[in-house]
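Peer 1: Below is a structure I'd like to ask you about.
The values are calculated or read from the model by the stated rules, or taken from the named source; none is laboratory data. Nothing here was measured: the structure is a model prediction, and the numbers come from that model. Heads up, the Cβs are rebuilt from the backbone with ideal geometry, glycines too, and the neighbour counts pull from every protein chain shown.
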């Protein structure tokens, strides 16, 4: 970590997180929203790894493993929900699901 | 080693930007694979080779393939078949990810020729240290992650199973689905 400045590595994590956040906010296709959540989780993991490498501690990598398992569980349930949504509403537009009936 | 970090970071940002702006989910997933590979290279450069391998295997391998399965299942809803064929005949759609991937490949070969990160750059944290931390002070976290994965498995199975005959319909399954 001595060769790469800490600020630049954290800047990369921040830019990736911002791109994922923009994807969540701007896209209406539910698959792209899930994909952007993956980008954000990955960027958070990158920040953990960078911090762990900066202080030569193994805890950052442990946290990345936890984020990884959480992302795997989240994407499995999320994609199953997308399948249900297409089955019931016939679309991947997230705005359609937000309408209430009653 | 510093140059490798900068190039991989730029590739990651470009590929991520392209991924969230595509119309076709398959193209977006192609760019996202490149982005995850670039982040894996960043992990390798800053001294986390084991995490880099996990990033390639689990993120770029398992999670993206899961996305691809769903996109394929939903094919006629997400991707119009005619549109897909037209895009496949036009080479522009895969030139972008291929070019970014080639940049990463060149960088990877450069790093392999130059030597392991432990020799030229920072000290890499070995998988052995990671395992000792995981099954020492973080043992409760590992158990909780296992519980979370089990919950995810059961939840995905429940939500994704085919509808049983005679099962009561949910409240949302009304006139819209007919």
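Peer 1: Could you tell me whether the range A:26-35 includes any residue that is assigned to a helix (DSSP H, G or I), more than 8 Å from chain B (Cβ to nearest Cβ), out of contact with any strand residue (DSSP E or B) (no Cβ under 9 Å at 6 or more places or on another chain) and free of Cβ contacts under 8 Å to residues at least 60 places away in the same chain?
Peer 2: Looking through the range A:26-35, none of the residues is assigned to a helix (DSSP H, G or I), more than 8 Å from chain B (Cβ to nearest Cβ), out of contact with any strand residue (DSSP E or B) (no Cβ under 9 Å at 6 or more places or on another chain) and free of Cβ contacts under 8 Å to residues at least 60 places away in the same chain.
Peer 1: Within the range B:136-158, does at least one residue satisfy the condition of being within 23 Å of the chain's Cα centre (by Cα), at pLDDT below 85 and not in a loop (DSSP other than H, G, I, E, B)?
Peer 2: The answer is no, given that none of the residues of the range B:136-158 is within 23 Å of the chain's Cα centre (by Cα), at pLDDT below 85 and not in a loop (DSSP other than H, G, I, E, B).
Peer 1: What's the total number of residues in the range B:1-18 that are more than 7 Å from chain A (Cβ to nearest Cβ), modelled with pLDDT of 85 or more and surrounded by fewer than 24 Cβ atoms within 10 Å (Cβ to Cβ)?
Peer 2: 6
Peer 1: Name the residues in the range A:62-89 that are in contact with a helix residue (DSSP H, G or I) (Cβ under 7 Å, 6 or more places away or on another chain), at the interface with chain B (Cβ under 7 Å from one of its Cβ atoms) and more than 21 Å from residue B:147 (Cβ to Cβ), would you?
Peer 2: A:82, A:83, A:84, A:86, A:89
Peer 1: Could I ask something else about it? Restricting to the range A:36-53, and then to whatever is within 11 Å of the chain's Cα centre (by Cα) and within 10 Å of chain B (Cβ to nearest Cβ), can you tell me which residue is nearest to residue B:124 (Cα to Cα)?
Peer 2: Residue satisfying both the conditions and the ranking: A:45.
Peer 1: Moving to a separate point now. From (1) at pLDDT 90 or above; (2) within 18 Å of residue A:34 (Cα to Cα), pick out the condition that doesn't hold for residue B:21.
Peer 2: Answer for residue B:21: the failing condition is (1).
Peer 1: Which residues, counting only those in the range A:1-25, are facing chain B (nearest Cβ under 8 Å) and part of a helix (DSSP H, G or I)?
Peer 2: Scanning the range A:1-25 gives A:8, A:9, A:12, A:15, A:16, A:19, A:20, A:22, A:23.
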